[in-house]
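Colleague: Encoded as structure tokens, here's the structure I'll be asking about.
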Amino acid sequence: MSLPKTSLWDIVKKQFRFKLKSYRGMFTSLMMLQIIGILFSLGGEGGGGGGSDSFSYEMKYYSGSFILAFLMIWAFLSAIIVTTQAYRFDDYAFVANRMSSNLANILFLGWASIIGGVTFLLASQSLKLSVLILQEQDYIVSQRLSMLQMAEGLVGIILYLFLFTALGYLVGMLVQRNKIFIILLPALLFGSLFISVFFANESTLLIDVGRIFVKETSFLLFLLKVLFASTVAFGSAIFLSDNLEVRK
Amino acid sequence: MLKFNKVTKIYGKKKVLDELTFSIGENKITGLIGRNGAGKTTMLQIAAGFIRESSGEVRVFGESPFNNLSVSANMVMVDNDMNLPASLSLDELLDSAASFYPNWDMKLARNLMSYFRLDLKQHHTGLSKGMKNTFHAILGLASRCPLTIFDEPTNGMDAGVRKDFYRALLKDYLANPRTIIISSHHLNEVEDLLEDILVLKDGRQLLHMTVEDMREYAVIVSGRDDMLNDWLSGHELFHRNSTDFGKSYALIRNNLSEGQITSAMNKGLKFSTISNEDLCLYLTSQEKGGIDDVFTKN
């Protein structure tokens, strides 16, 4: 008896829809993190003040950096969670093979990055509103963005989040492949910090890596860099997962 | 349909499957019988494509099942520790299953759910062991896959649910024939619905025959020790046991001629039949003397 060929893409789509439902807990944690992020940001990030006999002024600087930092950690950790055994085995409850499972995961993480990016924009708006309502102030000056800048910012954040999910996915797969990476990876990370501090008085390795993305002024180049890096990370993760058992 | 050719699976140093060779035809219900550790689950997991064989050749629908999407789409394996996402209710799990399996029968699934009193709003993690396995069994039945594997599906179910489940299985099989493999410790529970029986021992195939053939396969001879000993030489002996008062019995291969039977009758030996369940127990027992020997050695 020969089988009707099953289309990979068809199964990936089904798995993606399945994951949207079954991984919804991730979006609850996203909401919680953003609320915490907003609360942290309400303290302001800097400011100053001054005055004379007759008047005084105070200023505070608010930004969504906290929220963004939380989001990046969320993206990284969510991707790691997706690679854990329990989540991987969930896929095989129904129809799956490794490739379909990996592709559906990447699709899902992409989707999660988009949700993360859009909700970040909303959260930073809520931050502005909260400051307006909660703090006693007379002026609020905020940067006005054109639609294009706004769109670029949104896509930029989504790309950053996607990059972090790709990193998390690779780290997660490394750990699944061999548990020694649980120790090895943090050791390498902190070790590189300490060693570069020891020799050069300033930690540079991580910053240098970060600069590749952060200092990029051309949006198109940034896009290409992120896509390239994520492809490499996801690709290596898929390669690594090839030696894992399908399901016990 | 399902073919194993000299399949070996090694975990560490232990050979769980040892050059296992058999094939199962299309649209048959086969029972997989064996003691704990005989390699039943390993064999099923290899057939389902979850784990890879160490050596040998496995063919399901003519393809190697490991990590194979087409095989996965046409196969469902129901076992005790199915991984199902904790975040979904049973209802959502049924919907998800329906989206994956083209032959899924939602009406059957829902009817079985209400018959077995499973609450659709409940979550998988909140179910008792028996309820969980009932739910898994419903998934297995309703997905109507060309290859359906049940690995000890009735663990934890109460007697009533077991009976109902097997009856549902048989009814659905008759209406929609497909290849079904059931592994079980309790042969007499499943015997009525099986066509073939495959018995594993130590990772090898011990027997593979129809249920009817198996009933004729062996016979018990009993009588006085000395008479039995004389008569037994030349027969294929599966099991031998002495009871008190100089009487003993033996389980032998049933390939006797008329002459052999009459000569045995003349010596005062008696013949009796053995149930398939007991036969499997004797055939797969590890120790020659059975559990009694453990105590007599002390």
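Colleague: Residues to consider are A:Met32, A:Met72, A:Met26; find the one that is within 26 Å of A:Ile157 (Cβ to Cβ) and within 11 Å of chain B (Cβ to nearest Cβ).
Modeller: A:Met26
Colleague: Here is a further query. Pairs please, first residue from the range B:106-126 and in contact (Cβ under 8 Å) with a residue 60 or more places away in the chain, second anywhere and assigned to a helix (DSSP H, G or I) and buried (at least 16 other Cβ atoms within 10 Å of the Cβ), Cβ atoms under 8 Å, 6+ apart in sequence or on different chains.
Modeller: B:Leu108/B:Leu141; B:Leu108/B:Ala142; B:Leu108/B:Asp172
Colleague: Related question: Can you tell me which of A:Ile81, A:Ile38 is of a type in the set (Val, Ile, Thr) and more than 14 Å from every other protein chain (Cβ to nearest Cβ)?
Modeller: When all the criteria are applied, what remains is A:Ile38.
Colleague: Still on this structure, please answer the following. Give me the residue from the range A:1-23 that is of a type in the set (Ser, Thr, Tyr) and more than 30 Å from B:Arg59 (Cβ to Cβ) and, out of that set, nearest to the other protein chains (Cβ to nearest Cβ).
Modeller: A:Ser22
Colleague: Among residues belonging to the range B:163-188 that are hydrophobic (A, V, I, L, M, F, W, C) and part of a helix (DSSP H, G or I), point out the one that is modelled with the lowest pLDDT.
Modeller: B:Leu187
Colleague: Tell me, yes or no, whether the range A:151-166 has at least one residue that is among the charged types (D, E, K, R), part of a helix (DSSP H, G or I) and under 25 Å from A:Asp208 (Cβ atoms).
Modeller: Checked against the condition, which is being among the charged types (D, E, K, R), part of a helix (DSSP H, G or I) and under 25 Å from A:Asp208 (Cβ atoms), the range A:151-166 yields at least one hit.
Colleague: A further question follows. Can you say whether B:Thr134 is in a helix (DSSP H, G or I) and within 14 Å of another protein chain (Cβ to nearest Cβ), as far as the supplied structure shows?
Modeller: no
Colleague: Also: Give the number of residues within the range B:80-131 that are touching a strand residue (DSSP E or B) at 6+ places or on another chain (Cβ under 6 Å) and either assigned to a helix (DSSP H, G or I) or loosely packed, with under 15 Cβ neighbours inside 10 Å (or both).
Modeller: Selection size over the range B:80-131: 1.
Colleague: Right, here's the next one. Suppose we filter the range B:67-77 for residues that are under 22 Å from the mean Cα position of the chain (by Cα) and either facing chain A (nearest Cβ under 8 Å) or closer than 16 Å to A:Asp242 by Cβ (or both); how many remain?
Modeller: 3
Colleague: Being of a type in the set (A, V, I, L, M, F, W, C) and out of contact with any Ser or Thr (no Cβ under 7 Å at 6 or more places or on another chain) is true for just one of B:Leu139, B:Leu198, B:Leu147. Which residue is that?
Modeller: B:Leu139
Colleague: Just wondering, is there one or more residues in the range A:185-199 that are in contact with a helix residue (DSSP H, G or I) (Cβ under 7 Å, 6 or more places away or on another chain), of a type in the set (A, V, I, L, M, F, W, C), surrounded by fewer than 15 Cβ atoms within 10 Å (Cβ to Cβ) and within 18 Å of A:Ala233 (Cα to Cα)?
Modeller: Within the range A:185-199, one or more residues are in contact with a helix residue (DSSP H, G or I) (Cβ under 7 Å, 6 or more places away or on another chain), of a type in the set (A, V, I, L, M, F, W, C), surrounded by fewer than 15 Cβ atoms within 10 Å (Cβ to Cβ) and within 18 Å of A:Ala233 (Cα to Cα).
Colleague: Tell me the residue from B:Gly12, B:Gly31, B:Gly56 that is more than 8 Å from every other protein chain (Cβ to nearest Cβ) and under 15 Å from the mean Cα position of the chain (by Cα), please.
Modeller: Criteria check complete, one pass: B:Gly31.
Colleague: Output the number of residues of the range B:34-46 satisfying the condition of being of a type in the set (A, V, I, L, M, F, W, C), modelled with pLDDT of 90 or more and within 14 Å of the chain's Cα centre (by Cα).
Modeller: Count: 2.
Colleague: Being buried (at least 19 other Cβ atoms within 10 Å of the Cβ) and part of a helix (DSSP H, G or I) is the requirement here; does B:Gly140 meet it?
Modeller: In short, yes.
The values are calculated or read from the model by the stated rules, or taken from the named source; none is laboratory data. Fair warning: this is a prediction, and the values are worked out from it, not measured in the lab. Cβ: placed from backbone, ideal geometry, glycine included. Neighbour counts: every protein chain shown.
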